[in-house]
Amino acid sequence: MELTGDLGTYYEVLYSVLQDSKWTDWVSDGAEAGTVGAGLRVDGVRISVVKRTGDTVYAGNIDPNRPMVALTYDDGPSPTVTPRILNCLKENGGRATFFMVGQKVIKSPDVLNRW
């Protein structure tokens, strides 16, 4: 995996694969992750897109060598559930991607404004 054009200039894709119950080291710029060959199985892929900042490629406090979880929230916003998730993320320095449902956004604009 790699980004091209301006995206490749300003951002980098770091990735790792789960093979034989072990995560490979992080690689980037189109390098092969894991053992490559016909019939080999990959059980998972971790991907992180980060902004290039001088010699360092980590965005904010993301360090791909530390454990991380990718959290996506696909139904909301909810006036009762979404604030709990946002509070938990804030307390723990977490980040998440929220996919919102248009009808629910109209019903809960105050929750949306917290983002």
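Taking K and R as +1 and D and E as -1, what net charge do the other residues with C-beta under 14 Å from the C-beta of S21 add up to?
0
In nanometres, what is the gap between the two model label sites at V81 and D6, each 7 Å from Cα along Cα-to-Cβ?
Output for this residue pair reads 3.7 nm.
May I ask you to derive the FRET efficiency for V101 and K22 from their Cβ-Cβ distance with R0 = 35 Å, giving the value to the nearest 0.05? Can you show the working numbers first?
Working: r = 38 Å, r/R0 = 1.08.
So, using R0 = 35 Å, E works out to roughly 0.40.
Each value in this text was obtained by applying a stated rule to the coordinates, not by laboratory testing. The structure presented is a predicted model; accordingly, all values stated were derived computationally and were not measured. Don't worry about glycine lacking a Cβ; one is built from the backbone with ideal geometry, like all the others, and counts go over all protein chains shown.
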